[in-house]
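Peer 1: My structure is below; once you've seen it, I'll send some questions.
Rule-based calculations on the coordinates, nothing more; no lab input. All values reported here derive from a predicted model rather than from experimental measurement. For neighbour counting, all protein chains shown are included, and Cβ atoms are generated from backbone atoms with ideal geometry for every residue, glycine included.
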Amino acid sequence: MEQETILYYYPLPARPDSADNTIAAKKHWFQEAVLPVMLLTTQGEFGILGCAVPPFYYRKKTWKAPILSEAMETALHTAAGMPDTCVHQDILRLLPSESRGRWQPHAGTVKRLIKYLLEQRAGKVLALTGMVTVLLGQPEETERQLETTWELLEPYLPRVNRMLLYYEGRESQKSKEETAFHKHYNDEATAGEDDREALQEYIEDYYYEYGLVPQLVPYRRSEMAAFRCGKEPCGGVILDYGEGFRYPKITSADCVYIDVTSDEEKERLLGRKSPAIPYISPLKYLDTVVKNSYDRKVKMT
């Protein structure tokens, strides 16, 4: 298999020897803003290139979106091969909202990163718990997410004896009066009609191949109309595809939380709710790679 290359754009770490912090992408007004690309690490199926984005593009002038976009495009074209891109949230926020999708990684890239994270963390957790929890996202993404989950988890399924699948139910056809009634008297109204039959065809292979019967549980709606996990205990290897934190009921510290979406708010809320549970995600891993690279440079100087 050909090795994939990932180009990661991240904020340039602060330099203690730069008191005024005037680190810029160009030194003279007549120059173009340049973002250097360097190799950070290689890990089996993929190599990771880094592109540090300084806080200013010239002197103390903060980035303008078109200038940053052009500099990022130039860096991408100078990188060897045809790399896919990942962008730190702080850099992504500097770009126009309409162009941010262009810099999001392909689904295959995210899958490779999650696969690597599972290789590093899943074995020990499954040996202790034998459990997998999957927090699915929007119904239109369910089929793709279940296919991805099967590909990611298949090497570990012989060690799994319990699997919990939370899913978003379709909206029930209730009147506005009924909806208002439930919101008033029940702050965790169900997420909608039961879609178990529609999901069964996607999970039959778990039983036929491994004798495993995944437990299907619909999310519940909170008073704020957000999807939340119910009272069913979650644990083991948790794969989260959802938009927004779903507040899983985690009863054991023998757990690892893998956020496929790399949502900073999920990390914050998980840390507040369950501080003993390690949070990992593709972008969190890439940040660790950047930190390790800089630490090595410091030791060498």
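Peer 1: At 0.36 nm per residue, and after removing the present C-alpha to C-alpha distance, how many nm does the segment from LYS231 to GLN3 gain when stretched out fully?
Peer 2: Extra length from LYS231 to GLN3 when fully extended: 77.8 nm.
Peer 1: Label point 7 Å out from ARG159 along Cα-to-Cβ: which residues of the stretch 219-243 have amide N under 12 Å?
Peer 2: Output list for this probe position: 237.
Peer 1: Quickly rank 238-251, 83-96, 25-38 as a protection proxy: mean count of other C-beta atoms within 10 Å, highest first.
Peer 2: Going from most to least packed, we get 238-251, 83-96, 25-38.
Peer 1: Moving on. State which helices in the chain qualify, where a helix is a whole DSSP H run, it must extend 24 Å or more along its own axis by its Cα atoms, and its mean Kyte-Doolittle hydropathy must be at least 0.0.
Peer 2: Taking the DSSP H segments of the chain (at least 24 Å long, mean hydropathy at least 0.0), we get 107-129.
Peer 1: Let me ask another. Explain nothing, just the number: dipole magnitude of the stretch 226-282 about its Cα centre with +1 on each Lys and Arg Cβ and -1 on each Asp and Glu Cβ, in debye rounded to the nearest 20.
Peer 2: The dipole magnitude comes to about 300 debye.
Peer 1: What nm value, rounded to one decimal, do you get for the distance between ARG144 and SER252 when each label is placed 7 Å out toward the C-beta?
Peer 2: Calculated label separation equals 3.3 nm.
Peer 1: Roughly how many whole Å is it from the C-alpha centroid of the stretch 231-301 to that of the stretch 73-129?
Peer 2: The stretch 231-301 and the stretch 73-129 have Cα centres separated by 15 Å.
Peer 1: Relative contact order for the chain: what percent, with Cα pairs under 8 Å and sequence separation of 6 or more?
Peer 2: Once normalised by length, the contact order is 15 percent.
Peer 1: Hey, which of these cross-link pairs are over 20 Å Cα-Cα: LYS61/LYS291; LYS111/LYS297; LYS115/LYS284; LYS27/LYS61; LYS231/LYS284; LYS27/LYS64?
Peer 2: Long pairs (Cα-Cα over 20 Å): LYS61/LYS291; LYS111/LYS297; LYS231/LYS284.
Peer 1: Can you give the calculated 222 nm mean residue ellipticity of the chain, where each DSSP H run of n ≥ 4 adds -39,500 (n - 2.57) and the sum is split over every residue, rounded to the nearest 500 deg cm²/dmol?
Peer 2: -11500 deg cm²/dmol
Peer 1: Let me ask something else. Sorted by average packing, counted as other Cβ atoms within 10 angstrom per residue and highest first, what order do 256-269, 58-71 take?
Peer 2: 256-269, 58-71
Peer 1: Charges only on Cβ, +1 for Lys and Arg, -1 for Asp and Glu: so what's the dipole of the chain about the Cα centre, in debye to the nearest 20?
Peer 2: Dipole about the Cα centre, nearest 20: 1680 debye.
Peer 1: Pull out the extension gain between LYS60 and GLU151, defined as 0.36 nm times the separation in residues minus the alpha carbon to alpha carbon distance; nm, one decimal.
Peer 2: Between LYS60 and GLU151, full extension yields 28.0 nm more.
Peer 1: Roughly speaking, what is the stretch gain from ARG100 to ALA80, that is 0.36 nm per residue apart minus the C-alpha to C-alpha distance, in nm to one decimal?
Peer 2: 4.9 nm
Peer 1: Related question: Find the Rg to Rh ratio for the chain, where Rh is the Kirkwood radius over alpha-carbon pairs and Rg uses the same atoms.
Peer 2: So for the chain, dividing Rg by the Kirkwood Rh gives 1.03.
Peer 1: Here's another thing I want to ask about it. Starting with the highest mean, order 138-147, 275-284 by the number of other Cβ atoms within 10 Å, averaged over the residues of each peptide.
Peer 2: 275-284, 138-147
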